[in-house]
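These notes concern the structure reproduced below.
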Amino acid sequence: MRKTTRKFLAVTAGVASIALLATACSDDNGGSGTPTSGETKKGDDTTPITLTVATFNNFGYTDELLAEYSKDHPNVTVKQTIAAKSEDARTNLTTKLAAGGAGLADVEAIEIDWLPELVQSGDKFLDLNSADVEGRWPEFKTKPATTASGALIGYGTDVGPEAICYRQDLFEAAGLESTPEAVKELLGGDGATWDKYFEVGKQFTDKSDSAWFDSANAIYQGMVNQLEAAYENTDGTPIPLADNSAVKGLFETVTGADVQALSAHLGQWSGDWDAAFQNNGFATMLCPAWMTGPIEERAGGITGWNVADVFPGGGGNWGGSYLTVPAAGKNAEAAKELAAWLTSPATQIKAFLNAGTFPSQTEALTDPALTAATNDFFNNAPVGTIFGNRYQAIKVTPFKGPNYFSIHTTVADAITKVDVDKSADQAAAWQGALDAYNALGL
Amino acid sequence: MSVQSPVEPESDLAPAPRQPRRVGFSQTLSRWDVKVSPYLYISPFFILFFITGLFPILYTGYVSVHKWHLLQGQGDFVGFDNFADVFKQKDFWLSLRNTLSIFVISSVPQVIAAILIAALLDQNLRAKTFWRMGVLLPYVVAPVAVGLIFGRLFADQSGLINSWLGVIGIDPVQWHVDPLSSHIAIATMVNFRWTGYNALIFLAAMQAVPRELYEAAIIDGAGRARQFFSVTIPQIRATVIFVVITSTIGGLQIFDEPRVFDPAGAGGASRQWLTTTLYLYNTGWSGQYNLGRAAAIAWLLFLLILAIGMANFFVTKKIATGDASPSKKKIKAAQKRYEAQRNS
């Protein structure tokens, strides 16, 4: 008995020392600390280097596409790591940034929604401003990635201009005009307003068992993204929610009885939402370019989907991504060059053809490969042209400061309580939002 | 360790004083070997524990008394302000309620079911290994996958469980609205995953129970139930304590299941199923990135787990001891009585 214990201890000791050694070794990779962005090493053209690109979901960067870069830069090998979900990538990025940037990829992909927090720590990223990329993107794409001191921390990849996706068959059954052109006019064409959208919704629901839209929160999201300063003043100070008449107005609109009568009362991305695609749950959806993918995934076998080139209240952008270069990287300058190449209009068109990521680069909009793009699932809708037009219609760049999402959550929760949970009436839900806002302690 | 270090001559055997021998270095080494080696051998555990256990706990304490932003790093020393802030948050108290409720709804049936399943598996079954691996199967499924599957089962409008309830004439349950319903749904996920795992631990303990005890019990006329309560349970007491403690720790740290229970992962619009670990995560790693406050929550959770773990330890000890085997006090009293009899 005693002998086995000793042996066991010896084995444990051995294993443990190996583990300790392994931990000590792995530290080497990241001991570089955080150089300030000025003194990052300039990439020269002869030493062989490997650049890593960390993305998530599907950016459309195939191995062939990345190999093209090595053709022009023989000393550079590009490797991509892909996280299955953007949340995983986000946790990885923030945790490693917090630890000083050790272990990050040379190029890190981010989503637009992460930017309000990341621009606060802009010094952890390389300033990507450069004459080469001047004017590559419109203001609504670059502004969210620009820090207070004017540094650009991300190069735009794709973007989410919003149109209306709708069920042509359900429109027809309800006796409404159903071709994409007719629906565009029905909803008000270029002068489409939210009131008009809800008015047509009333006509539709009077004659149909289906709801008009899927989720009040989705509608609210579309509306609030058209406000220039929704929850915070442009200097970053929060607007007290109790005094925020614009937001309160939107809240009362989407939770009011008239609009609630049009809702399918679903939370987006929930199981019930998924199921509603199969049982005619709703007829229209606010539809950023990338949403066509999720709709197709869930609505397999349903043939009536189409896209109308219209959006209430002017244009709107929902989502989209960027490539950043963490300042702690050893090959930051070379990584910047790679990021610039990956986000060039020509490369982005290839990525679009690979994965349908709609380009954020103005120049790419007129590329024949884009304008000719159609989507089979949406009855061959000319999605390239439609979303290109919707892109041009985006006029407002909503300001999103450090507290944007904390405050947005308080209102979104209140809408969920009325729309999905039905656990509170309008007044009680708003009071709940005010309480939650006060608990934030801003 | 075969080399005996030179010790001072034992006085009664060799009374004559001897010249002190010069102690060679190798002998000194041997002496160190005897004295120090055991500690050296067990030190890796303590070093690892220090690095991965104690240090983080203490450092979390250090973070908790500072203003600390996840990305911008350390701020001013604020004393216990973070703790005070946490106590003022309605969400914190809600999260405690939810955590305790989910813990009770999951752990209690889980441990009881695990013991019963283990007792069944301990019988003479055909295809033993098949059944034993079968109960472990849910444990192999990743929690997030469990979350996705149960998300479909427990969907409010389109879920399978509500359809079944409809068949037997029960109104659909709003699994994602009512707090208690959501807790039951989450506890179901937890139980699905852990019951089989615990059952195997119990099974291992049950197989170590000497069979003579059962034979004796049978001769004494004990039925199956009586054998179970009077032989099996007392014999696996240590394991019961172990499982109760580990499932207490696990149960109070439930995270994956509530996080994937809805797509937002924030614990519901009214925080119906926000658990404390989820609250901790959302405070520190999303939204406000308030690491200082998250650290304070972590410490409070640590203290809570410690308290409930201790309470469970004593309760289980009591229950498992029962009247089947006498307590130490009783044994001592009996010994005293025996000695008193013998002396008189």
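The values are calculated or read from the model by the stated rules, or taken from the named source; none is laboratory data. Here the structure is a predicted model, which is why all the values come from computation and not from measurement. We place every Cβ from the backbone using ideal geometry, glycine too, and count neighbours over all the protein chains shown.
Yes/no per residue for (1) closer than 30 Å to B:G265 by Cβ; (2) surrounded by 13 or more Cβ atoms within 10 Å (Cβ to Cβ); (3) not hydrophobic (A, V, I, L, M, F, W, C):
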residue	(1), (2), (3)
B:A142	yes, no, no
B:F154	yes, yes, no
B:Q157	yes, yes, yes
B:G166	yes, no, yes
B:L200	no, yes, no
B:L213	no, yes, no
B:A225	no, no, no
Considering residues that are over 15 Å from A:Y155 (Cβ atoms), of a type in the set (G, A, S), assigned to a loop (DSSP other than H, G, I, E, B) and over 20 Å from the mean Cα position of the chain (by Cα), the number found within the stretch A:82-130 is 5
For the stretch A:199-212, state whether one or more residues are away from chain B (no Cβ under 14 Å), within 23 Å of the chain's Cα centre (by Cα) and within 26 Å of A:Y391 (Cα to Cα).
no
Q.
Being among the hydroxyl-bearing types (S, T, Y) and more than 22 Å from the chain's Cα centre (by Cα) is the requirement here; does A:S270 meet it?
A. no
Only one of (1) at pLDDT below 90; (2) in contact with a Ser or Thr (Cβ under 6 Å, 6 or more places away or on another chain); (3) of a type in the set (V, I, T) does not apply to B:V260, and that is (2)
Practice problem: Inspect the stretch A:376-391 for any residue being within 14 Å of chain B (Cβ to nearest Cβ) and either β-branched (V, I, T) or buried (at least 21 other Cβ atoms within 10 Å of the Cβ) (or both) and give the result as yes or no. | Solution: no
Within the stretch B:242-273, residues being of a type in the set (D, E), in contact with a Pro (Cβ under 8 Å, 6 or more places away or on another chain) and within 14 Å of another protein chain (Cβ to nearest Cβ) number 1
Considering residues that are part of a helix (DSSP H, G or I) and closer than 17 Å to B:I115 by Cα, the number found within the stretch B:207-229 is 7
Screening A:V200, A:V224, A:V254 for residues that are over 22 Å from A:T409 (Cα atoms) and among the β-branched types (V, I, T) leaves only A:V200
**Prompt:** Any residue in the stretch B:30-50 that is away from chain A (no Cβ under 14 Å), surrounded by 13 or more Cβ atoms within 10 Å (Cβ to Cβ) and either in contact with a helix residue (DSSP H, G or I) (Cβ under 6 Å, 6 or more places away or on another chain) or modelled with pLDDT of 85 or more (or both)?
**Reply:** yes
Of the listed residues (A:D367, A:D421, A:D413), the one being assigned by TED's automatic domain parsing to the domain that holds A:G236, touching a helix residue (DSSP H, G or I) at 6+ places or on another chain (Cβ under 8 Å) and more than 27 Å from A:K124 (Cα to Cα) is A:D413
Flagged in the stretch A:291-319 as crowded, with 21+ Cβ neighbours inside 10 Å and either on the phi > 0 side of the Ramachandran plot or in a helix (DSSP H, G or I) (or both), in numbering order, are A:T292
Taking the stretch B:130-173 and the residues there that are in contact with a Lys or Arg (Cβ under 9 Å, 6 or more places away or on another chain) and within 20 Å of A:N279 (Cα to Cα), the one that is nearest to the other protein chains (Cβ to nearest Cβ) would be B:S158
>> Looking for something among the hydrophobic types (A, V, I, L, M, F, W, C), surrounded by 15 or more Cβ atoms within 10 Å (Cβ to Cβ), out of contact with any helix residue (DSSP H, G or I) (no Cβ under 8 Å at 6 or more places or on another chain) and farther than 28 Å from B:D256 by Cα - is there at least one such residue anywhere in the stretch A:66-81?
In response: yes
| Condition met for B:G134 (at pLDDT 90 or above, over 14 Å from B:N191 (Cβ atoms), not hydrophobic (A, V, I, L, M, F, W, C) and not in a helix (DSSP H, G or I)) | no
Picked from the stretch A:395-411 (must be part of a loop (DSSP other than H, G, I, E, B) and either within 14 Å of chain B (Cβ to nearest Cβ) or modelled with pLDDT of 95 or more (or both)), the residue nearest to A:S344 (Cα to Cα) is A:K400
Counting only residues in the stretch A:108-127 that are more than 11 Å from chain B (Cβ to nearest Cβ), out of contact with any Phe, Trp or Tyr (no Cβ under 6 Å at 6 or more places or on another chain) and of a type in the set (A, V, I, L, M), the one surrounded by the most Cβ atoms within 10 Å (Cβ to Cβ) is identified as A:A109
Residues of the stretch A:294-332 being charged (D, E, K, R) and closer than 30 Å to A:A192 by Cα, in sequence order, are A:E296, A:E297, A:R298, A:D309
Per the filter on the stretch A:266-281, residues surrounded by 22 or more Cβ atoms within 10 Å (Cβ to Cβ), at pLDDT 90 or above and touching a helix residue (DSSP H, G or I) at 6+ places or on another chain (Cβ under 6 Å) are A:L266, A:G267, A:F277
Any residue that is out of contact with any Phe, Trp or Tyr (no Cβ under 6 Å at 6 or more places or on another chain), of a type in the set (S, T, N, Q) and either outside any loop (DSSP other than H, G, I, E, B) or modelled with pLDDT of 90 or more (or both) - is there at least one of those in the stretch B:121-128? no
Just checking, does the stretch A:157-165 include any residue being more than 15 Å from the chain's Cα centre (by Cα) and crowded, with 23+ Cβ neighbours inside 10 Å? yes
Within the stretch B:70-116, the residues that are within 14 Å of chain A (Cβ to nearest Cβ) and in contact with a strand residue (DSSP E or B) (Cβ under 7 Å, 6 or more places away or on another chain) are B:Q74, B:G75, B:V78
In the stretch A:412-442, anything away from chain B (no Cβ under 12 Å), of a type in the set (A, V, I, L, M, F, W, C) and closer than 27 Å to A:D272 by Cβ is listed as A:A427, A:W430
Just one listed residue, out of B:T277, B:T248, B:T283, B:T232, is assigned to a helix (DSSP H, G or I) and touching a strand residue (DSSP E or B) at 6+ places or on another chain (Cβ under 7 Å), and it is B:T283
Scanning the stretch B:141-192 for residues that are in a helix (DSSP H, G or I), over 31 Å from the mean Cα position of the chain (by Cα) and of a type in the set (S, T, Y) gives B:S163
Considering the stretch A:192-239, residues that are in contact with a strand residue (DSSP E or B) (Cβ under 6 Å, 6 or more places away or on another chain) and of a type in the set (D, E), and then whichever is surrounded by the most Cβ atoms within 10 Å (Cβ to Cβ), we arrive at A:D214
Flagged pairs (Cβ under 7 angstrom, 6 or more apart or on separate chains; first in the stretch A:95-106, within 17 Å of B:W68 (Cα to Cα) and facing chain B (nearest Cβ under 9 Å); second assigned to a helix (DSSP H, G or I) and charged (D, E, K, R)) are A:L97/A:K124
